[in-house]
Structures are given as C-alpha cells and as structure tokens.
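Everything below concerns the one structure shown next.
The values are calculated or read from the model by the stated rules, or taken from the named source; none is laboratory data. These numbers come from a predicted model, not from an experiment. As a convention, Cβ positions derive from the backbone with ideal geometry for all residues, glycine included, and neighbour counts pool all protein chains shown.
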Amino acid sequence: MPNPHRLIRSLGDMRRRAPCLLTLSTICLLTSTSLIANVSLASSAQAQSINASAQFAIKGVRPEAFSWFWDNIDEAMLIAANGDNKSFSWQQAPSSPQHLGYSAGASYRTVAAFGLGTHTVDVSYLDPNTMRGRVASDNFLGSKPYSFLAQNVSVDGKPPFTVLIQYNPVGSTFSDSQFLIQATAAADPLLAQAYVNHLRKTLLGLQPTLMDALSERYFNGVLKKRGYYSIGQVDKKLNVKLTIVQEIKGIEPQMLAWWWDHIGNTARYRLWQPVDHVSFEWTIPPNSPDLMYDIGAVQKAKEYIGKTALTLNITGADPKVTPPPVPLTDPGYFYASTNLTLLASILPNNSLTHQWRPNATGDGVVLTSTFVNTALALVINPTFFDDLGSHALREFQMLPYFLPRLYKREYLNQ
C-alpha cells in the first residue's frame, strides 16, 4: 500500500493521505483517497477575476448527494429547500441522470426571488473541460466530475456569467460537505452575488431531506434494480447461503481486483457507500498491495445492514487451506471470513466470496457474491438476509462512480 504520508502533486493539486486544516485560503477537499489543498482563490490558471463568492459547510450531507442532485433537480425539492424558488423546469433534460455527477449540456429555467426582485434564471451546464486548472485534476479520470458543477447563468435574459460550485467531504467522520461557489465574467457583480447568495440558501435548505432522497430515489430506486439476490434454506450447520448476481457497467475486472487491498481508510470506505458505510481500518494491513487480495489481511469495517450497525472483521482467506462454500469458476475472486468483532469467539465463522468476469459487452463486469452466515443472525435482525442482499447491490453499483479514477491515478499514475 502507498505510504499514507506521500504527497501527490498534479496540475497544481496538493494531495495528502492525512487530513489537513481548513483555512480561509485553503479548502480541504476530500478526494477518494486524500484531502486536496486547492488554493482556488489564488490559482494562476483562473483566467478571470471572481465577481461573487460564497464559502460554507453543510452538516450531515455527503457530496455524493449533491452529485446526484444536479441531474435530478425537481420543482418540489427546490421549493421545499428554499421558498424563494417559485418554479422549475428542464429545458434540456440531463443525458444520464442515473449516475452521480452532472451532464454537460443540460439546462433549466427557474423563477426565483433574490436581490431586489423576482427573476427568471436560465442555467446551462458547461463542459467540465472548461474548468481544467481550477478544480482537482482527477475529476477528469472518471466518466463525470465528482467534486464540482460548472454552469452558465443568465438572469432575466442578460449576458450570462459563469458559476463554479466545488464541494468535498469534511469533518471527523467525513459526513459533511464543504462548498466554495465562485462567479466570474459577470457584467453586474451585485446581481451575481445576489444569485450566489440565493444558491447558497437553497443548498443549505436541502440539508434535512437530501440524504434520504439519495438513499431512496437513487440507491433503492435505481441501483438495487441492477441485480438480484436469492436466499437459501437453513442447512444442517444452521447456516444460510445468500447469492447476489449483478452486472456492474463502467469498471474493468482489474480495477475490482485492485480494490480489495486499497480500500485504505474511512474516507475511501465512505466513498464506496456514503449511507451504509461508517468506518474502516486495517487491523492487519496487506503485505503487498497489488491486483490480488492479500491473504491474512484483516479489515475492521463498521457498516449498516438495513437499520442494524455491525462491526466486522473481514480476513482474506486462502481457498487452498479453507475451501470456499462455492467453486471458484471466474478468473477474479475475493474470499474472506467475516465475523462480528464483539462476538467473534461466540458465533460460528461466516464467509463471503466475490467472483467476477468481464460482461458480454466488454464495458463492465458480472459479479457473483456468495455469503454464508449463521442463521443466528436472524435473532439480531429478522430481515438480515434481505438487508444484506440489498446492501451488496447498493454498494457495488457505486463502484463506477469512483473506482476508475482511483485506479487510474494510483495504479496507472495518470
């Protein structure tokens, strides 16, 4: 595993594995592995002066919720967040709303009260490449940006100005979002500031509901439908086998092989599933992180299975020593024992086996996951196996959002 204190410098970004301090001139931007010290206000790459700005944090809302929000805005959410919004309609609907990040070319019109009156506002989403040099460079290693939205804004038909919204996770548990909004090329700086202040009020107003909307409308409404699971009967050893099959488009088999030894820390673990995952640490770190999981490495992971928070020890197992519960038929696999931390010596050992192969269209993988758990889990949670099946779909379908950029940056050094 890379040295957690190694600095990565790329296109003016300064990335650190360890947390950095948030100051007025330096915003701690959390990428999937690191915090970015991105001094945007002083960036030499910024071609135009800033006419309006706002900087603020939103407690209890992960950045992924905003990455979903940009392409899934609707009138009800907007008005509930801020009553100064009067109406909303897409003029050009987003091309791919069922993926986190914004769709360039999408546009909408809204009527809103701010500044000295009520205004008609036309917003269009800009090509992400127009922001190169102003944002974290690894935004361009995935299919969509993960930490910014760039838009052109025209108020009452006046010449448009550019608004750049940057957001990243902060806080001791990485559960909050830090925002920096900057407007440039504004003919009327006072009007641009009034719009930025209105936008700030709307984003803050999403705090009570946005994480629930992300969980229900995206994780449950979209991601859970991209696969299926089946629950077996209780066997003679009082075990239950749970099998989940899903196609994951947007990742390559070697990315998934690389992931197991490089989950790393809580920041990355929460990136994997921002609602269900709580914390992560290596109890025994991998000896040689590579494209094959490390036998004997132990992950200590806390996560929600349904409404139950469980802390697990996940230990990389050797299939030659302890045969897995299903044949290893696919070229890629991860096999581990899984035990509740507090009851490790009381309950029987559980296991998980993930196997994957390229999908038929060559743009993803087919993942088959097999969990063997004691039926005593039903004493803790009567819907445990249904919840576990749902959990696996909710987390693995998140991989295309972040894994390609991690793999390209850290393994391919792009």
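Observations, loosely collected:
- Residues of the range 135-153 satisfying the condition of being closer than 21 Å to Arg62 by Cβ and in a strand (DSSP E or B): Phe148, Leu149, Ala150
- Scanning the range 239-271 for residues that are in contact with a Gly (Cβ under 7 Å, 6 or more places away or on another chain) and either free of Cβ contacts under 8 Å to residues at least 40 places away in the same chain or surrounded by fewer than 19 Cβ atoms within 10 Å (Cβ to Cβ) (or both) turns up Lys241, Val245, Glu247, Lys249, Gly250.
- Restricted to the range 60-92, and to residues there that are assigned to a strand (DSSP E or B) and of a type in the set (Gly, Ala, Ser), the residue that is farthest from Ala106 (Cα to Cα) is Ser87.
- Meets criteria (buried (at least 17 other Cβ atoms within 10 Å of the Cβ), in contact (Cβ under 8 Å) with a residue 60 or more places away in the chain, in contact with a His (Cβ under 8 Å, 6 or more places away or on another chain) and not acidic (Asp, Glu)) for Pro289: yes
For every residue, the table says whether it meets (1) within 17 Å of Ser53 (Cα to Cα); (2) among the basic types (Lys, Arg).
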position	(1), (2)
Arg132	no, yes
Ala136	no, no
Leu141	no, no
Thr162	yes, no
Ile181	yes, no
Ala187	yes, no
Leu191	yes, no
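- Of the set (1) out of contact with any Ser or Thr (no Cβ under 8 Å at 6 or more places or on another chain); (2) at pLDDT 95 or above, all apply to Lys237 but (2).
- Hey, Glu281 out of contact with any helix residue (DSSP H, G or I) (no Cβ under 6 Å at 6 or more places or on another chain), assigned to a strand (DSSP E or B) and farther than 30 Å from Gly362 by Cα or not: yes
- Selection count where residues are in contact with a His (Cβ under 7 Å, 6 or more places away or on another chain) and closer than 17 Å to Leu403 by Cα, scope the range 265-285: 2
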